Amino acid sequence: METLAKLQILSGAARYDASCASSGCRREGNPYSTGNTSQSGICHSWSDDGRCISLLKILLSNDCIYDCAYCVNRTSNPVERASFEAREVVELTMEFYRRNYIEGLFLSSAVMKSPDQTMERMVSVVEMLRTEERFGGYIHLKIIPGSSPELVRRAGFYADRISVNIELPSQESLKRLAPQKEKHSILEPMTLIGRQIGENLVERRSSRKAPKFAPAGQSTQMIVGASPESDFQILRLSQGLYRKMNLKRVYYSAFVPVNQDNRLPVLAAPPLLREHRLYQADWLLRFYGFTAEEILSDDMPNLDESFDPKTAWALRHPEFYPVEINRADYATLLRVPGIGVTSARRIIAARRFSVITPEGLKKIGVVMKRAKYFITCSGRPFEKQGRSALLLRNRFLLGDGSGAQFGESPKQLVLPGLFI
Amino acid sequence: MNRYLYDGTAEGLLSAVARILSEEADPDQVTLAERENTFFEEGIYLATDTAAAEEFFSRLQQQAAEAVYTFYYFTMTEREGMETSMLRYLALAMQHGNKVNGYLTHTAVKEIVTVSRKAGRELHRMKGLLRFEKLRDGAYLAKMEPDNNIIHPLALHFSKRLRAEDWFIYDVRRRTAARWHRGTLSLGAIEQFTAPQMSEEEQAVQELWKTFFGTIAIPERRNPRLQKSNMPMKYWKYLTEKQGK
Ligand code: SF4
C-alpha cells in the first residue's frame, strides 16, 4: 500500500483522540540537528472542525486484535486496515517538520499482534527520529495498556510526553465496553511513569546531564458519554489523577457513536456541551483553586448545562459576594464570574499604581456584563447587590443576553443515561 | 505646551524621547510626532542623535527590560501617530521599571501595550503558519505577507529550529528577505523576485499534508466559523493545505 493511502486511513483513525497539546517543555536544538520545542506550544493550522493542528497525529496501525465497543478500529468492524513501517513514519515526520507543517509527532496505535510487539515498533520510530535523524521536535507517545515496563521506560526517555488512556471513567464500564483492557494494565504503566518522572526530576537536580524522562509530563484521556458515570464521578477521578499521579492534563473526548452496539447509548449528537463544561470544571480544579466537591455533589452530580461551573457556584453562594476589587486577594478575585486568571493578575498589578476605577476595570479586560453583579469598586456596587439567585439566573439566561452561549442550539443534545 | 518632531525612525524616536525626558520640566505636557516636512509645519525638530538613542536604550534595558520588548514589538507594527503615547509610556517605564506593563488603567500604557501585543500575537501565529517549500537546489523557501514587520524575530525563531537546512523567508509586501545559509542568518531587501523551481518530491509531500489536513477533521464537528476565527483568511494565501480547493 502507498504511504498516501495508509496516511488517509491512519490519520482518519486517529482523529477522535482529543489531545493535541504540544506545550509544556522547551528543548533547544543542537547545532547539526533539526528541531526544538517551545514553551507555549505552537498551532500550525486549524482543521475544518476548528481544532488546532500542531502534531502529526496518526496511528501506527489500525489493525486491532481487541474489540472495544466504542472504537472504529475494533476487530469486529469491517474497516480497511493499514500499518506503517517505522521508517515511513520517520520520513513523514521529518518532511512535514522541515516544511513547518507541524511541531512534532503524536503516535498512537491499535494493538497489532500483542501490546509488546506494538509498543516495540512505536518505540523504534522515536528511537530512529531521535538518534538517526537527530530530531529535536516534540514527540507524544501513547503507551499501549499491558506493555512491559522496560518498553515504557525506553519510550519515556525519547518522548516529551507519554500517556496512557484511562478510556472510561470506571472499572465496570471498562469491563463492559473494553473487555480486553484491564484496569491494572492501565494503572500500572501510569504509576510507573509517575514514579519515573519523579525520580528523574531528583536525578536531574543533582546532575544536569542526566537524560530527561518525559519532560512534558504525563496525560490521559477519557471518553465522555459512552458510559453512565456522572460528571461528579468523572471530576473526582480527574482530581485524584492530578493530586496523586501528578498528571499534567486530563483530556475529555465527547463520545462519537461510530458503531452499532447495544452496549452503547444512542445519541442524537456527540455530547459536546458536556465535554465543554467538563473542560471548564477541569480548569477550575487546576487553576482556580476549586475542589471537585465544591463544584458538584451527590445531590447535584452533573454540571449545569446553562451556566459555566464558576457562575453556577457563584449563584449557589451569594454569601461570598460582593468582592471588593481594590482589596480582595488573588484567590478571591478568581471566584468572580467574568474575572479570569489574566484579569485577576492584571488587577493585582494595576493596584500597585492607583486605586482601580470602573473605567480601569474595563481597560483591564474584565467581562463587566458578568462581573458587575458580584463586585464593588471602592465600596461602590455596580448593580443592586443581594439579588436573589433566581433573579440572577433568569437575568443571565434571558435578561441582558449574557447567558450561556454555545453553538446554535445546545438543547438538541441527548445526554447519557438513556441506555436501551 | 511644546510640540516636538522627529524623523520617523525608531532611533530618532528614542533619541527624541531621551531629549524630552532630560530637558522638559513636565514631559506630560508635550507632544511628539513624526515630521512631515511641509512648509508650514509647526514644532521643534529634534535631530536624531544615535549616541543618545543608544544610551537611553541601555538605560531602559536596565530599568525595565520588559518595556524594551514592548518597544521592539511596537516598532514592528509600523503604526503612526502614537509617538506621544510612547513618550508617556517610556517616561513611566523609567519611573516604575518592569511594573509599567501592569499599569493598564493608564490610557497611554494601555494603548501601547495593546498595539505591541498585536504584533507579538502575529509573530507567534506566523511561527506556526509559515510554510516552506523545497527548492530544486535543496534549500527551502517560505513566502508571507504579515501585517506587522516581523521578519527578523521570525527568522531568529527558525534559525533555532531548522538549523540543519538552508532556507529563505520572503516578505512579499515589504520585499525583504531573511536567509539562513550554512548556519548564518542574513537579512536584506529583494529588488526583484523570480519564483525558483520546486524540487521533484515537493508536490508529493504537499499532497500528503493536504490528505492529512483533510482527514484529521472530525466530520460530525465541522465548524468553519471557528476555523476562520482561529486562522483568519488573510493567511490562507500561502498555506499549502488551503491551495487548490
Ligand atoms: S484497543 Fe480498543 S480502542 Fe484501541 S484500537 Fe483496539 S479496539 Fe480500538
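Do we have any residue at all in region A:98-115 that's within 16 Å of the ligand (Cβ to nearest atom), in a helix (DSSP H, G or I) and farther than 28 Å from B:Lys242 by Cβ? Within region A:98-115 (the criterion being within 16 Å of the ligand (Cβ to nearest atom), in a helix (DSSP H, G or I) and farther than 28 Å from B:Lys242 by Cβ), the answer is yes, since at least one residue qualifies. From the list A:Ser238, A:Ser227, the lone residue that is part of a loop (DSSP other than H, G, I, E, B) and touching a helix residue (DSSP H, G or I) at 6+ places or on another chain (Cβ under 7 Å) is A:Ser227.
Across region B:176-196, not a single residue is classified as among the acidic types (Asp, Glu), in contact with a strand residue (DSSP E or B) (Cβ under 9 Å, 6 or more places away or on another chain) and either more than 9 Å from chain A (Cβ to nearest Cβ) or more than 22 Å from B:Met126 (Cβ to Cβ) (or both).
Return the residues of region B:34-43 that are more than 20 Å from the chain's Cα centre (by Cα) and surrounded by 12 or more Cβ atoms within 10 Å (Cβ to Cβ); say none if nothing qualifies. Within region B:34-43, B:Arg35, B:Glu41, B:Gly43 qualify. Of the candidates A:Val366, A:Val323, A:Val355, the single residue that is over 26 Å from A:Asp231 (Cβ atoms), among the aliphatic types (A, V, I, L, M) and surrounded by fewer than 18 Cβ atoms within 10 Å (Cβ to Cβ) is A:Val355.
Screening region A:120-168 for residues that are out of contact with any strand residue (DSSP E or B) (no Cβ under 9 Å at 6 or more places or on another chain) and under 24 Å from A:Ala82 (Cα atoms) and picking the one that is surrounded by the most Cβ atoms within 10 Å (Cβ to Cβ) gives A:Ser147.
Filter region A:169-179 for residues that are within 12 Å of the ligand (Cβ to nearest atom), part of a loop (DSSP other than H, G, I, E, B) and crowded, with 16+ Cβ neighbours inside 10 Å and give the result. Full working, then the answer.
Our first condition is that a residue be within 12 Å of the ligand (Cβ to nearest atom); within region A:169-179, this holds for A:174, A:177-179.
Then keep just the ones that are part of a loop (DSSP other than H, G, I, E, B); that gives A:178-179.
Result: A:Ala178, single match.
Give region B:203-228 a look and list any residue that's more than 7 Å from chain A (Cβ to nearest Cβ) and at pLDDT 90 or above, or say none.
B:Gln203, B:Ala204, B:Gln206, B:Lys210, B:Gly214, B:Arg225, B:Lys228 - these are the residues of region B:203-228 that are more than 7 Å from chain A (Cβ to nearest Cβ) and at pLDDT 90 or above.
Scan region A:122-161 for residues that are more than 16 Å from the ligand (Cβ to nearest atom), part of a strand (DSSP E or B) and hydrophobic (A, V, I, L, M, F, W, C) and report the count. Looking only at that region, the number is 2. Among the numbered conditions (1) within 24 Å of A:Ile65 (Cβ to Cβ); (2) more than 16 Å from the ligand (Cβ to nearest atom); (3) not assigned by TED's automatic domain parsing to the domain that holds A:Asp67, the only one that A:Leu192 does not meet is (3). Residues in region A:252-273 that are touching a helix residue (DSSP H, G or I) at 6+ places or on another chain (Cβ under 8 Å) and without any contact (Cβ under 8 Å) to a residue 40 or more places away in the chain: A:Ala254 alone.
Taken over region B:224-245, the criterion of being surrounded by 19 or more Cβ atoms within 10 Å (Cβ to Cβ) and part of a loop (DSSP other than H, G, I, E, B) is satisfied by B:Met231 alone.
Residues to consider are A:Ile339, A:Ile364; find the one that is under 30 Å from B:Leu92 (Cα atoms) and at pLDDT 90 or above.
On the way: A:Ile364 fails: at pLDDT 90 or above.
Going through A:Ile339, A:Ile364 in turn, the sole match is A:Ile339.
In summary, A:Gly407 fulfils each of the numbered conditions (1) part of a helix (DSSP H, G or I); (2) modelled with pLDDT under 90 with the single exception of condition (1).
For A:Trp313, state whether it is assigned by TED's automatic domain parsing to the domain that holds A:Ala371 and within 24 Å of A:Ile348 (Cβ to Cβ).
Details: assigned by TED's automatic domain parsing to the domain that holds A:Ala371: yes; within 24 Å of A:Ile348 (Cβ to Cβ): yes.
When the stated conditions are applied, A:Trp313 passes them.
Taking (1) away from the ligand (no atom under 16 Å from the Cβ); (2) more than 7 Å from chain B (Cβ to nearest Cβ); (3) at pLDDT 90 or above in turn, A:Arg51 satisfies each apart from (3). Within region B:128-159, the set of residues being part of a helix (DSSP H, G or I) and within 12 Å of the chain's Cα centre (by Cα) comprises B:Ile151, B:His152, B:Pro153, B:Leu154, B:Ala155.
Scanning region A:79-97 for residues that are more than 16 Å from the ligand (Cβ to nearest atom) and either in a helix (DSSP H, G or I) or at pLDDT below 95 (or both) yields A:Ala86, A:Arg87, A:Glu88, A:Val89, A:Val90, A:Glu91, A:Leu92, A:Thr93, A:Met94, A:Glu95, A:Phe96, A:Tyr97. If you go through region A:54-73 and keep only what is within 14 Å of the ligand (Cβ to nearest atom) and farther than 27 Å from A:Pro265 by Cβ, you end up with A:Ile58, A:Leu60, A:Ser61, A:Asp63.
Take A:Phe232 and tell me if it is in a helix (DSSP H, G or I), surrounded by 15 or more Cβ atoms within 10 Å (Cβ to Cβ), more than 15 Å from the ligand (Cβ to nearest atom) and not assigned by TED's automatic domain parsing to the domain that holds A:Gly41. Before the answer, list the steps.
Details: in a helix (DSSP H, G or I): yes; surrounded by 15 or more Cβ atoms within 10 Å (Cβ to Cβ): yes; more than 15 Å from the ligand (Cβ to nearest atom): yes; not assigned by TED's automatic domain parsing to the domain that holds A:Gly41: yes.
The answer is yes for A:Phe232.
Do the conditions hold for B:Tyr89, that is, is it at pLDDT 90 or above, surrounded by 15 or more Cβ atoms within 10 Å (Cβ to Cβ) and under 28 Å from B:Asp171 (Cα atoms)? Criteria not met by B:Tyr89.
Kindly indicate whether B:Leu129 is within 9 Å of chain A (Cβ to nearest Cβ), within 23 Å of A:Ile53 (Cα to Cα) and touching a helix residue (DSSP H, G or I) at 6+ places or on another chain (Cβ under 8 Å).
Yes; evaluated as a whole, the condition is true for this residue.
Residues in region B:173-198 that are part of a loop (DSSP other than H, G, I, E, B), within 19 Å of B:Tyr238 (Cα to Cα) and either modelled with pLDDT of 95 or more or of a type in the set (Lys, Arg) (or both): B:Arg173, B:Arg174, B:Arg175. Where the second residue is within 11 Å of the ligand (Cβ to nearest atom) and among the charged types (D, E, K, R) and the first is more than 14 Å from chain B (Cβ to nearest Cβ) and under 15 Å from A:Ile143 (Cβ atoms) and lies in region A:168-187, which pairs have Cβ atoms under 8 Å and are six or more apart or on separate chains? Taking only residues 6 or more apart or on different chains, the pairs are A:Lys181/A:Glu167; A:Ile186/A:Glu167.
Out of curiosity, is A:Ser76 within 14 Å of the ligand (Cβ to nearest atom), within 14 Å of another protein chain (Cβ to nearest Cβ) and either of a type in the set (S, T, N, Q) or under 18 Å from A:Thr131 (Cβ atoms) (or both)? No, not satisfied.
The values are calculated or read from the model by the stated rules, or taken from the named source; none is laboratory data. Worth saying up front: this structure is predicted, and the values here are computed from it rather than measured. Positions of Cβ are backbone-derived with ideal geometry, glycine not excepted, and every protein chain shown enters the neighbour counts.
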